[in-house]
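Quick notes on the structure that follows.
Just so you know, all these numbers are worked out from the coordinates, no wet-lab data involved. Quick caveat: nothing in here was measured; it's all calculated off a predicted structure. Note that we place each Cβ from the backbone using ideal geometry, even for glycine, and neighbour counts take in every protein chain shown.
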Amino acid sequence: MKPRAHLELRHDPAPRPEWAKRRGPSAYDLAKVGFFLFGLPRNAFGSIDVTNRCNLRCAHCYYYADGDDALPAELSADEWVSHLEQLKRSSGLKLPFFNATWVGGDPLIRRDVIERCKPFFRYNTVVTNGTMPLPNWPDVNWYVSIDGDEEAHEAIRDPERRYRKNGGQGIYRRVMENVRANRHLRITICSVITRANVGSIERVVKQWYEAGARAITFDFFTPIEGLPNADLWLEPEERDRAIDTLLALREIYDDFFVIPERALRLMRSENCLEVTSNCLLRDRSFSLNASGEKKGKCVMGDDADCDRCGCVAPFYLRSLTHRPMILEDLGHSASRSLRAAMSLFHPDSLAGN
Ligand code: SF4
Ligand code: SF4
C-alpha cells in the first residue's frame, strides 16, 4: 500500500555515512527468523525500572502518575546482580535473557547497576532523556527521547525553563550536542507523538537525520489513569494521518526508521485493537520495578489504557511474528527485485536512455 500523505517539507537526505549504514544481517536479524518460525519465547524481552529518579520531571511522565510516595525502594547494584541470578535460575534459561530495556526515571542515574547487569542479557537498550553524558558503551543500544521539535520539546520537558536559567541552553540543544558528540554509539531517537507535537514529525525526522543519529522511532501517547493529560492522545483518524506521514517519510529515509512498515500498518485504526487486545508485550515479556518485583501488565503499569495504547512495542513484536503480513511483504519485495532486474534488459536501458 503506497503512503498517501502529503509532505510539507522538502526532504532530500544526504547519503548515509559509512558508519551509519547497516552491514548485512545481524545476529538480531537471525533471531527474528527464529521468532517468525517459532513465535516469541516467553521473557525474551523485558524492561527494568532501574531508578525512581530523574533530573527532569515532565508533566506527561507515566512513571510519576501515582505520586512519589507510591514509588518502590531501589535495589542496590549487588542486590540486582543476585536478583537476576536468581531469576535466571528459576526461569530455567541457560543463556542470557535476550533483550533488556533499562528505563526509570532516567537509568543513567544508576549506571553502576547497568554496567554490572548488562552481561545478563544478550542485548541491552538504555532509554534516556539525553541530558547526561553517555557512557562509552558501544555494546548498548541507546534510545534518546525527544518530544517533537525544539519548541514542543521544551514546552513539555522544561516548562519552567530551568535549563535556560543564567543564559544556559535548553534541553533540546543539549541533547543534540550529546548525540553529535557520540556518533560512534548506536543512538536511536525515540519520539512520542502527541496532540501537542504531531505537527512537527517531518521536522524531527529531518533534524535528527542531519544531526547524525543512527535511527529514529516513534510511539504515540498512551493515556494513563491518574495523569491529567489524556487530551494529548490523538483520535484514531488523526493518528492514521500521522501514520501516513510516517509511512511517507519511511519511504524516503529508509533504514533510518527502526519501525518496520508492517508495524506502522498494524498501528492503523482498523488493526490496532486486535493487536493491543492480544498484547505480546503483556503476554510474553517481563517488566520489573525498581525493587525487582514484577510490575503491572507492562512497563507503563496497570493504569495504562490498552484500548488507546500507542506504545510501538506490541505492534513491533506482532510484526515480527505475523506470518501472513511477513509473507506478503516478502512477495512484494521479491516482485520489486524482479521488476528491477527485468528493467535492466529493457531495450531502452540497453540503449543507455
Ligand atoms: S525525562 Fe523521561 S523519565 Fe524523566 S520525567 Fe521526563 S518522561 Fe519521565
Ligand atoms: S498498555 Fe499497551 S503495551 Fe501495555 S499491556 Fe496494554 S496494550 Fe500492551
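Local charge for Cys58 was computed over the other residues whose Cβ lies under 10 Å away, with Lys and Arg +1 and Asp and Glu -1, and equals 0. Give the distance, in whole Å, between the Cα centre of segment 219-247 and the Cα centre of segment 123-196. Between the Cα centres of segment 219-247 and segment 123-196 lies a distance of 21 Å. Remark: spin-label model distance Leu7-Arg161 equals 3.4 nm, labels positioned 7 Å along the Cα→Cβ axis. Which aspartates and glutamates have a Cα lying under 15 Å from the Cα of Lys297, excluding residues fewer than 8 positions away in the same chain? Within the straight-line cut-off, Lys297 pairs with Asp49, Glu225, Asp283, Asp305, Asp307.
Along the Cα-to-Cβ line of Asp254, 7 Å from the Cα, sits a label point; which residues in segment 200-230 have backbone N less than 19 Å from it? Residues passing the 19 Å test: 205-217. When only C-alpha pairs under 8 Å and at least 6 residues apart count, what is the relative contact order of segment 26-321, in percent? Reported as a whole number, the value is 21 percent. Ordering 187-193, 247-253 by mean Cβ neighbour count within 10 Å, with the highest value first, yields 187-193, 247-253.
What the Cβ-Cβ distance of Lys21 and Asn55 gives, at R0 = 35 Å and to the nearest 0.05, is a FRET efficiency of 0.55.
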